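Just so it is clear, none of the values below were taken in a lab; they were calculated from the coordinates. Fair warning: this is a prediction, and the values are worked out from it, not measured in the lab. Neighbour counts are summed over all protein chains in view; Cβ atoms, including those assigned to glycine, are modelled from backbone coordinates with ideal geometry.
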Amino acid sequence: MDPRGSIFGQQRGQVGAAVDAQIDEGLRAYMLKVYNYMGSALLLSGIVAYGVSSSPALMQLIYGTPLKWVVMLAPLGMVMLLSARIHKMSAGAAQATFWVFATLMGASLSYILLVYTQTSVVRVFMITAVTFGSMSLFGYTTKKDLSGWGNFLMMGLIGIIVASIVNIFMQSDMMQWVISVIGVLVFTGLTAYDTQKIKNNYMEADGTATMNKKAIMGALTLYLDFINLFLMMLHLFGNRD
């Protein structure tokens, strides 16, 4: 047996292990950035929601005038803007747009603090956080390829949107309950699916600016999963004032 082959094999193994360790360290830092952006956005939205709901003047200004349509639709516009233009934005502009989106979302969600008791809002938020955290951890750690979930979950999401629009006119409590149950299942699945997708996106080597923008889009995706899961659970388990 040639001892040189054994030595070279050990060296290759050591190099491979070093590369894997570097990738793991970079991935952890990247995912931490994504979660930090997401958590900061949730905190900002919560502060804005509480501030607006605590001010009768602001509530009257927003929900007592046509401004409510701006507040309700503007977050959707910001999501569309980021999705369509982020590749042409600077990292700073993308981050600023993300914070504006979180602020507008907070204003649009302020009504829930008046419709539901604060105790039930906090309780449902904690349930959502545990569910989200568990599914996101699953999506991050599982070796199973979750890409096959994508089409199924997207069909479920489209169904929820269509049913929600129909129920605006029907005002059916039963339909709302069904929508909420399906919504919990869909957004729970999307949390795992999107986490794995964000993780896989890291493996595509890009420059620092592009990686920062990827982290922002990843945070936006998980933020939307969390908020929608929270709202669906609130419909099911929240206590109204």
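The stretch between Ser172 and Asp241, if pulled fully straight at 0.36 nm per residue, gains 22.9 nm over its current Cα-Cα span. Per-peptide packing, taken as the mean over residues of other Cβ atoms within 10 Å, places 61-67, 183-189 in the sequence 183-189, 61-67 from highest down. With a cut-off of 8 Å between alpha carbons and a minimum separation of six or more residues, what is the relative contact order of segment 96-241 in percent? This gives 42 percent for segment 96-241. Note down the nm distance, to one decimal, between modelled labels 7 Å out along Cα→Cβ at Tyr50 and at Asp145. Roughly 4.5 nm, to one decimal.
Ordered by the number of other Cβ atoms lying within 10 Å of each residue's own Cβ, fewest first, Phe152, Phe132 fall into the sequence Phe152, Phe132.
The candidate values were [x] 40, 21, 16; [y] 43, 28, 15; [z] 25, 22, 16; the one computed from these coordinates for semi-axes √(5λ) of the Cα gyration tensor in Å carries the label [x].
In order along segment 30-43, the phi-based Karplus estimate (6.51 cos²θ - 1.76 cosθ + 1.60, θ = phi - 60°) of 3J(HN,Hα) comes to 5, 5, 4, 5, 4, 5, 5, 4, 4, x, 5, 5, 4, 5 Hz; Gly and Pro are listed as x.
The value for segment 141-216 of Rg(Cα) / (2.2 N^0.38 Å) is 1.45. When the pairs Lys33/Lys143; Lys68/Lys199; Lys144/Lys199; Lys144/Lys214; Lys143/Lys214 are compared against a 25 Å limit on Cα-Cα distance, Lys68/Lys199 fall above it.
Based only on other Cβ atoms within 10 Å, what is the fewest-to-most ordering of Lys214, Lys33, Lys143? Present the calculation step by step, with values, prior to reporting the outcome.
Numbers: Lys214 21, Lys33 17, Lys143 4.
Going from sparsest to densest Cβ surroundings: Lys143, Lys33, Lys214.
Cβ-Cβ distance of Ala84 and Thr117, R₀ of 35 Å, FRET efficiency by 1/(1 + (r/R0)^6): the value works out to about 0.35. Taking 37 °C and 0.692 mPa s as conditions, segment 109-241 diffuses translationally at an estimated 205 µm²/s according to Stokes-Einstein applied to its Kirkwood radius (Cα pairs).
Under a 5 Å amide H cut-off, with hydrogens placed 1.01 Å from N, Tyr116 pairs with Asp241 among residues at least 5 apart or on other chains.
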